[in-house]
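Below you'll find the structure, written out as structure tokens, and then a few comments.
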Amino acid sequence: MRLSPGPIDGQEPKESFLAQVRQVKAAAGGELRVYDIIEVHPVRLGNAQGVPYEHEFRARLATATGPSDALHIGTVTENGAPKMCGWSVEESFDVRDQLANETIAGSNVHVDDVRSVVEQVATGVGGDIQDSSAMTRRSDFAGIEGWSSGWRTGSYGGGRITVIRYDNAEASLSHAKAIIDHFAPDATTTFTMSELPDAQALRYSGLAWTGVQTADLAGQIDVAVAVYDDVVVWMTASGRDPEENHSKLNVIAETVHSIVGQ
């Protein structure tokens, strides 16, 4: 599927990349093979600045049970050859249109201690905690203070809770939207959680950086953000199969609700 080689620096990133390719391959039935590919118009994929790519193709993979869902691929010409510069699952176009018409609702509940919330959630969900640390201003989406913990559940997948305080409520709402928008190009669906009905939640392709994962193959990640005054609570549950429900993220949301309230 890659129309141009891309560098993967270092042995550990290379092994991680190959491991994810193997997961997609296994989910497809043992091999990665194109079922069909066609050029589509108009071009909807573009770069980070919103400039459309020169061409867009819709590809499906051959699986043991028939063709997969579609993957859209954007290409440009460099040095006389096509280069794949971006991709997106087909479902994400509807998700992005939906998100464009929605706003995140913030609660006026104040969070006194971001670290305490993180540590209570991380220990409350029953996973094997892998890391727990403070965030800095140099971290992605970091505000004036933050804390993050991740854990593993079973042999594959896990979860993470990140709580970040910003300068004010307006900034927290803005950064919550930035988090969701960051994952939207790989999103397969949106959903709601009863315990945190004002949170924005979506499922996205968890191995999308391989450039070959369609929405119905291999691991998915559920992500949600909730805003409490000047604080963003960012929750993820990884290692979900495409047909699985959102129960793992619901457990995290229920724990957040029991600690912070509404």
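The list [x] 20.1; [y] 19.5; [z] 18.8 gives values of Kirkwood radius over Cα pairs in Å, and only one came from this structure; which label was calculated from it?
Computing Kirkwood radius over Cα pairs in Å and matching it to [x] 20.1; [y] 19.5; [z] 18.8 gives [y].
Return the sequence-ordered ³J(HN,Hα) values of the range 72-82 in whole Hz as given by the Karplus equation 6.51 cos²θ - 1.76 cosθ + 1.60 applied to θ = phi - 60°, using x for Gly and Pro.
9, 10, x, 10, 9, 9, 9, 6, x, 10, x
Expressed in nm to one decimal, what extension gain is obtained for the pair Ile259 and Val40 from 0.36 nm per residue of sequence separation less their Cα-Cα distance? Show your work: numbers first, answer last.
Values: separation 219, 0.36 × 219 = 78.84 nm, distance 4.84 nm.
Taking 0.36 nm per residue and subtracting the Cα distance, the gain is 74.0 nm.
In nm, what is the difference between 0.36 nm times the number of residues separating Ser174 and Glu78 and their Cα-Cα distance? Could the numbers behind the result be given before it?
Numbers: separation 96, 0.36 × 96 = 34.56 nm, distance 3.57 nm.
My answer for the length gained is 31.0 nm.
Students often get this wrong: which residues of the range 151-175 have the backbone nitrogen under 15 Å from the point 7 angstrom along Cα-to-C-beta of Arg115?
163-165
Cβ neighbours within 10 Å, averaged per peptide: list 39-45, 76-82 in order, most packed at the top. Intermediate results must be reported in sequence, preceding the final value.
Working: 39-45: 13.0, 76-82: 10.4.
Top of the packing list down: 39-45, 76-82.
Just to be sure I understand the model, the point goes 7 Å from the Cα along the line to the Cβ. What's the resulting Asp131 to Ser247 distance in nm?
2.9
Provide the FRET efficiency to the nearest 0.05 for the Val51-Ala26 pair, computing r from the beta carbons and using R0 = 35 Å. Let's see the in-between values first.
Numbers: r = 36 Å, r/R0 = 1.03.
The calculated FRET efficiency here is 0.45.
Less than 15 Å apart at the alpha-carbon level, and either on another chain or at least 8 residues along: which aspartates and glutamates does that give for Lys177?
Asp97, Glu102, Asp140, Asp198, Asp229, Asp230
How would Thr153, Thr123, Thr65 line up from fewest to most surrounding beta-carbon atoms within 10 angstrom?
Values: Thr153 17, Thr123 14, Thr65 9.
Fewest-to-most ranking of Thr153, Thr123, Thr65: Thr65, Thr123, Thr153.
Short version: ³J(HN,Hα) in whole Hz for each residue of the range 208-220, in order, from phi by Karplus 6.51 cos²θ - 1.76 cosθ + 1.60 (θ = phi - 60°), x for Gly and Pro, what are they?
Here the 3J(HN,Hα) series is 5, 5, 6, x, 10, 8, 8, 5, 9, 10, 6, x, 10 Hz.
Only helices at least 18 Å long along their own axis, judged from Cα atoms, and with Kyte-Doolittle mean hydropathy of -0.5 or greater: name those in the chain from DSSP H. Numbers along the way, then the final one.
Numbers: long enough: 11-27 (24 Å, -0.69); 169-183 (22 Å, 0.26); 247-260 (19 Å, 0.77).
Helices meeting the span and hydropathy rule in the chain are 169-183, 247-260.
For the peptides 20-28, 205-213, what is the packing order when you average, over each peptide's residues, the other Cβ atoms within 10 Å and list the highest mean first? Walk me through the numbers on the way to the answer.
On the way: 20-28: 18.3, 205-213: 22.6.
Output ranking for 20-28, 205-213: 205-213, 20-28.
Using only alpha carbon pairs under 8 Å that are at least six residues apart, calculate the relative contact order of the chain and give it in whole percent.
On the way: 559 pairs, mean separation 46.9, N = 262.
Over the chain, the number comes to 18 percent.
Using 1/(1 + (r/R0)^6) with R0 = 30 angstrom and r between the beta carbons of Asn101 and Lys14, what's the FRET efficiency to the nearest 0.05? The partial results should precede the final answer.
Working: r = 41 Å, r/R0 = 1.35.
My answer for the efficiency is 0.15.
Rank Thr77, Gln130, Tyr156 by how far each Cα sits towards the positive end of the charge dipole of the range 66-193 (+1 on Lys, Arg Cβ; -1 on Asp, Glu Cβ) and give me just the farthest.
Gln130
Cut-off under 16 Å on the C-alpha distance; same-chain residues fewer than 8 positions from Lys83 excluded. Which aspartates and glutamates are left, in chain and number order?
Partners within reach: Glu39, Glu54, Glu56.
Please tell me the relative contact order of the range 11-88 in percent, rounded to the nearest whole number, where contacts are Cα pairs under 8 Å and at least six residues apart. Walk me through the numbers on the way to the answer.
On the way: 127 pairs, mean separation 18.6, N = 78.
Dividing the mean separation by the residue count of the range 11-88 yields 24 percent.
Going by average Cβ neighbours within 10 Å, how do the peptides 165-176, 102-113 rank, with the highest at the top?
Details: 165-176: 17.5, 102-113: 13.2.
So the peptides 165-176, 102-113, ranked by packing, come out 165-176, 102-113.
Every number here is computed from the coordinates shown, using simple stated rules; none is lab data. Being a predicted model, the structure only gives us computed values, none of them experimental. Neighbour counts run over all protein chains shown; Cβ positions are idealised from the backbone, glycine included.
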